[in-house]
């Protein structure tokens with residue numbers, strides 16, 4: 001009998017309590033002063049959804065303007081502000097915190113068998129810091145906006161831009177602390193608060209992914225903090241370390257900026273990969289193929305991700321020799337990601353797959369992330385990057401990973417753990433339908449952009465030659481479909497909180513530790529300290545897993 | 001689960017009043033706090049690292065300008081500050097020691113000494129900054145109406161006036177950031193002092209003193225590097 | 001308590017060593033050594049002083065290996081920042 005089935009036999013679950021973390025205490029103060037990681041996760045969920053909506057509005061204006069080759073909807077400076085703000089909001093206030101702050105906060109203690117994170121009050125503080133950073137940024141948007149691009153390149157941002165650079169920079173600076181505190185909390189928690197028997201190699205891959213993400217948050221975020229601060233002071237003093245007038249180098253800004261911002265994209269995608277590992281294994285009812293490889297590949301991505309930032313500076317007067325080093329390393333960083341894709345695919349082979357909504361998102365992720373990743377290789381190669389840099393090819397590449405990857409993983413995870421978080425099931429039919437709409441809308445939006453970029457359409461331009469219009473119209477049409485596809489879950493998820501089918505503790509019948517609690521969980525997660533005696537995703541003990549191929553006879 | 005280990009609220013030995021509900025025991029709580037502070041110090045290392053990078057880059061580009069500008073800094077004040085800060089690290093270590101052996105009065109004395117030394121450092125820094133202000137060496141338009149004028153700086157070798165301003169930018173950025181961290185440290189230690197005076201810390205529980213100590217020592221280490229790199233660059237040219 | 005308590009004697013010794021290091025670094029800063037030696041000496045002394053503070057005042061000498069790993073990673077990452085950035089600046093003149 002499988003180990004976890006043996007454990008389940010002797011385990012008599014306590015009768016589900018009517019009290020859970022949602023109704024344990026009422027009132028605004030009990031939410032705003034909570035120390036419960038699950039409530040904090042929901043606070044983040046609300047805030048992040050709000051910022052995603054704002055970022056989405058900016059995207060809508062971009063796509064509307066790009067329907068025609070002329071500048072008819074927005075003036076140039078306004079358009080500059082719109083794409084800048086779309087980038088800032090989406091990167092710093094949605095993508096970076098999304099999965100770690102909502103799903104990570106909610107699940108990490110439960111998955112390791114703990115009652116909470118190591119520092120619950122710091123967790124709450126990180127949310128307040130996030131809100132403060134968000135407010136300061138919103139002030140910058142409302143006061144007049146920023147037009148430098150989310151990358152804030154000097155000398156435009158320090159000397160020539162007439163927009164609210166300092167305010168926006170301050171908002172990002174503050175937000176960085178939220179990221180750092182979250183990462184710090186996760187690292188300490190995973191090191192010190194695992195339940196008895198929960199060894200490192202029994203941890204769900206979701207945990208490994210978040211651990212690796214936290215490493216990046218800790219090592220990278222401080223560098224953007226100091227960079228933004230130096231930028232702000234240079235703007236105030238009218239002179240600084242990026243200013244050639246005193247011997248400074250504007251490209252130093254790019255080095256410092258991308259030292260963080262490249263690893264930041266791994267902060268954005270690694271948690272998504274963690275979610276996908278969970279979804280693929282669980283919805284295939286099969287041990288994940290190559291657990292060790294997937295776990296270590298998360299760490300490898302975190303480390304290698306810090307070695308490649310110069311590929312953003314290939315055409316920025318960086319030395320060609322440095323370019324060669326960075327190009328080589330950029331190819332290398334693709335390897336651990338590819339390992340994950342291979343392992344997920346191998347998990348699917350001969351598995352018992354159920355095509356529930358989370359699985360649809362996971363399958364979408366694998367395909368779209370692969371496309372995004374492979375197009376990154378074109379950009380890693382020095383020669384092709386010269387042509388593709390600053391074109392729509394780059395835009396399509398990173399949207400395939402950020403939207404086709406991270407956003408899909410976020411939605412998949414949200415649906416998968418929705419019964420645990422809310423105690424209700426979402427409507428499966430609508431879930432699958434909107435997953436399909438999102439997939440179609442997304443591809444229609446961004447596939448044409450690869451072609452546009454290849455044909456020479458520059459990014460951040462709102463005026464373009466007539467021959468590009470057809471592709472732009474297709475892209476904008478896709479964007480409206482994508483928008484609809486994203487609004488539908490907003491509606492039915494909120495609807496389900498009141499009218500959805502009540503979910504039991506383990507609605508998917510899965511072995512993970514988070515499913516051994518009631519739905520929604522009690523505030524302390526567990527009534528007892530769990531003792532873990534089984535491996536992760538142990539759908540079948542090692543002796544029972546089928547081995548195909550020439551080693552089959554050698555297995556006992 | 002195969003067995004339960006313990007039920008909440010049943011079978012606990014009397015736990016220390018400072019034990020938080022989500023930790024099993026004081027040892028786990030102490031370990032977590034310690035690792036947490038070290039992880040935070042990693043972020044501080046990377047934070048200052050960016051500025052050290054800028055310093056290294058521009059110093060290698062304009063060695064004589066940097067040396068000239070550095071010579072205009074007050075070596076006595078820098079050296080005294082170094083001594084003051086190392087002394088404060090010593091008293092901080094003694095404060096932690098006193099907490100470890102449960103001597104409340106010693107804790108309080110050592111913490112007060114550390115704070116006083118920290119404030120001394122800041123005071124000397126303020127005097128230095130004031131001198132820079134008087135000499136018109138505050139870069140750019142940071143002080144509106146009081147622009148940078150490097151006339152007081154004696155230029156060595158092929159030093160260019162513009163690059164002198166670069167040195168002072170980096171000087172103010174690095175020592176300024178360091179001073180901000182000192183101020184935060186003094187504030188932190190004041191809170192710790194308040195609780196130490198009320199007997200909050202004992203050999204079983206003195207984590208806050210320990211981790212504040214880690215922070216304080218880190219700030220000291222940053223200065224240990226800042227002092228030679230900013231104050232001792234070009235002294236050998238003029239002797 | 002698995003905490004190791006460092007004796008006052010050790011603290012005093014380290015403090016005196018740090019004072020000596022400070023005096024040495026000031027003296028060395030005033031001497032004109034050939035080539036880049038001034039910088040090398042200054043940095044070496046600073047690294048030794050910092051190491052003493054880390055090992056004894058911050059108790060890393062008596063701490064779990066995890067702490068060593070955390071500290072070493074931070075230094076290594078600063079190294080990455082420096083090394084790869086300078087791979088650009090120091091090779092710009094080559095072409």
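The values are calculated or read from the model by the stated rules, or taken from the named source; none is laboratory data. The structure displayed is predicted, hence computed values, not measured ones. Every residue, glycine as well, gets a Cβ built from its backbone with ideal geometry; the counts of neighbours run over all protein chains shown.
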Return the pairs, sorted by first residue and then second, in which the second residue is outside any helix (DSSP H, G or I), the first residue lies in segment A:41-55 and is at pLDDT 95 or above, the beta carbons are less than 7 Å apart, and the residues are 6+ apart or on different chains.
-> A:44/A:97; A:48/A:97
Report, by residue number, each residue of segment B:196-217 that is over 12 Å from residue B:92 (Cα atoms) and in contact with a helix residue (DSSP H, G or I) (Cβ under 7 Å, 6 or more places away or on another chain).
-> B:196, B:197, B:199, B:201, B:203, B:204, B:205, B:206, B:207, B:208
Residue A:190 vs. criteria closer than 30 Å to residue A:105 by Cβ and either crowded, with 24+ Cβ neighbours inside 10 Å or more than 10 Å from every other protein chain (Cβ to nearest Cβ) (or both) | yes
Restricted to segment A:496-520, and to residues that are within 14 Å of chain B (Cβ to nearest Cβ) and part of a loop (DSSP other than H, G, I, E, B), which residue is nearest to residue B:25 (Cα to Cα)?
-> A:517
Within segment C:39-67, the residues that are part of a helix (DSSP H, G or I) and within 14 Å of chain A (Cβ to nearest Cβ) are C:65, C:66, C:67
Only unsatisfied item for residue C:73, checking (1) more than 8 Å from chain B (Cβ to nearest Cβ); (2) assigned to a helix (DSSP H, G or I), is (1)
Of (1) within 7 Å of another protein chain (Cβ to nearest Cβ); (2) farther than 26 Å from residue B:76 by Cα; (3) surrounded by 13 or more Cβ atoms within 10 Å (Cβ to Cβ), residue C:15 satisfies all except one. Which?
-> (2)
Hey, residue A:308 on the phi < 0 side of the Ramachandran plot and within 14 Å of another protein chain (Cβ to nearest Cβ) or not = yes
Selection within segment B:156-205 - within 14 Å of chain A (Cβ to nearest Cβ), outside any helix (DSSP H, G or I) and over 18 Å from residue B:73 (Cα atoms) = B:158
Answer yes or no as to whether residue A:219 is facing chain B (nearest Cβ under 8 Å), crowded, with 24+ Cβ neighbours inside 10 Å and in contact (Cβ under 8 Å) with a residue 12 or more places away in the chain.
-> yes
Return the only residue of B:88, B:68 being buried (at least 24 other Cβ atoms within 10 Å of the Cβ), more than 8 Å from every other protein chain (Cβ to nearest Cβ) and under 15 Å from the mean Cα position of the chain (by Cα).
-> B:88
Kindly establish whether residue C:10 is in a helix (DSSP H, G or I), more than 9 Å from chain B (Cβ to nearest Cβ), in contact (Cβ under 8 Å) with a residue 40 or more places away in the chain and surrounded by 13 or more Cβ atoms within 10 Å (Cβ to Cβ).
-> yes
Since residue C:68 meets every condition but one in (1) within 13 Å of the chain's Cα centre (by Cα); (2) outside the structural domain of residue C:10 (by TED's automatic domain parsing), which condition does it not meet?
-> (1)
